[in-house]
Amino acid sequence: EADIYQTPRYLVIGTGKKITLECSQTMGHDKMYWYQQDPGMELHLIHYSYGVNSTEKGDLSSESTVSRIRTEHFPLTLESARPSHTSQYLCASSVPGLGKTDTQYFGPGTRLTVL
Amino acid sequence: KNEVEQSPQNLTAQEGEFITINCSYSVGISALHWLQQHPGGGIVSLFMLSSGKKKHGRLIATINIQEKHSSLHITASHPRDSAVYICAVANFGNEKLTFGTGTRLTIIP
C-alpha cells in the first residue's frame, strides 16, 4: 500500500488568492508528479521532479509553480488563483520498476474551485 | 486526436456481468497502465503491462503490442466496481504518462 497524501482535499477560494496544494509521500520515492484533470477529461502532467532541487514543467502549460526542497514533499503554488484554475489536481510518486517504466502511486487529489 | 483512445466512454451493466474495457494507442510504448478512479477522485493503479496478460482477483488485463491494443476485463462484476477506469501509456524513452479520457463503469445491483 502506497502512502501519498494531499491536502486539502477540497478548496473553494476567491479570485486573486495565493494558494499552496500540499503533497507528501512517506515512501522515499525520488520521482514525483503533479497532474491536472478537468471534469470528464484526461489527466495532464503539469510538473514533475526527479529528486530534491529538481523540477520540470510537464506537457500542459500551467501558471502554477512547484518546489522540491525535501524528498517527501512536493507542494504546488498558485500565486494568484483564477476561475480558469478550477480543476482537480492529483499528485503522484513513483518507484523504479523492471526495465525503464516506473509504477506510479497517486494521491487522493485536491478539488479546487476558484470563484 | 488523443494518442490514447478508450471505449466505451460509458458502460452500465448488471451485477455479475463480464465487463470488457478497451484501450488503443497510436505510439510505441514501454508500458501500459490501467488505473481506477473512484468518485472522490482518488486513483489506484491496477496493472502495469508491457506484454501478455496479468490477473489480480476478478480483474484481468491483456495487451497486444503489435496491434497497439489493451483490454481490461472484470469477471463477476459488483456494484463496488463502479468507477472510472483509465488507460495510460508510457512512451519509449519517456517515463511520463499519456492518459485516455477514461471509461465510466456503473454496475447495477
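The values are calculated or read from the model by the stated rules, or taken from the named source; none is laboratory data. Everything quoted here is computed from the prediction, not taken from an experiment. In this analysis, Cβ positions are derived from the backbone assuming ideal geometry, glycine residues included, and neighbour counts consider all displayed protein chains. Heads up: the accessible areas ignore ligands, DNA and RNA and are worked out on the full protein's heavy atoms, side chains in. Shrake-Rupley method; radii C 1.70, N 1.55, O 1.52, S 1.80 Å.
Can you give me the orientation-averaged projected area of the convex hull built on the Cα atoms of the stretch B:1-47, in nm²?
Averaged projected hull area, Cα only: 4.6 nm².
Provide the per residue accessible area, probe 1.4 Å, for the stretch A:1-102, rounded to a whole number of square angstrom.
Per residue, the stretch A:1-102 has 51 Å² of solvent-accessible surface.
Number of Lys pairs in the protein assembly as shown with C-alpha atoms less than 17 angstrom apart, excluding same-chain neighbours closer than eight positions?
Counting lysine pairs in the protein assembly as shown gives 8.
Please compute P(r) over all alpha-carbon pairs of the protein assembly as shown, binned at 5 Å starting from zero, and give each bin as a whole-number percent.
Taking all Cα pairs of the protein assembly as shown, the binned fractions are 1, 7, 15, 19, 19, 16, 12, 7, 3, 1, 0 percent.
Heavy atoms only, probe 1.4 Å: what % of the accessible area of the stretch B:43-96 goes to carbon and sulfur, would you let me know?
That share works out to 53 percent.
Given Cβ point charges of +1 (Lys, Arg) and -1 (Asp, Glu) and nothing else, what value in debye, to the nearest 20, does the dipole of chain A about its Cα centre take?
Charge dipole, chain A, about its Cα centre: 300 debye, nearest 20.
Considering the dipole of chain A built from charges on the beta carbon (Lys and Arg +1, Asp and Glu -1) around the Cα centre, which of A:Y89, A:I19, A:H47 is farthest to its positive end?
A:I19
Just report the Cα centroid separation between the stretch A:1-48 and the stretch B:37-73, whole Å.
If you average the Cα positions of each part, the centres end up 24 Å apart.
Roughly to the nearest percent, how much of the accessible area of chain A is carbon and sulfur, given a 1.4 Å probe?
With neighbouring chains kept in place, the figure for chain A is 53 percent.
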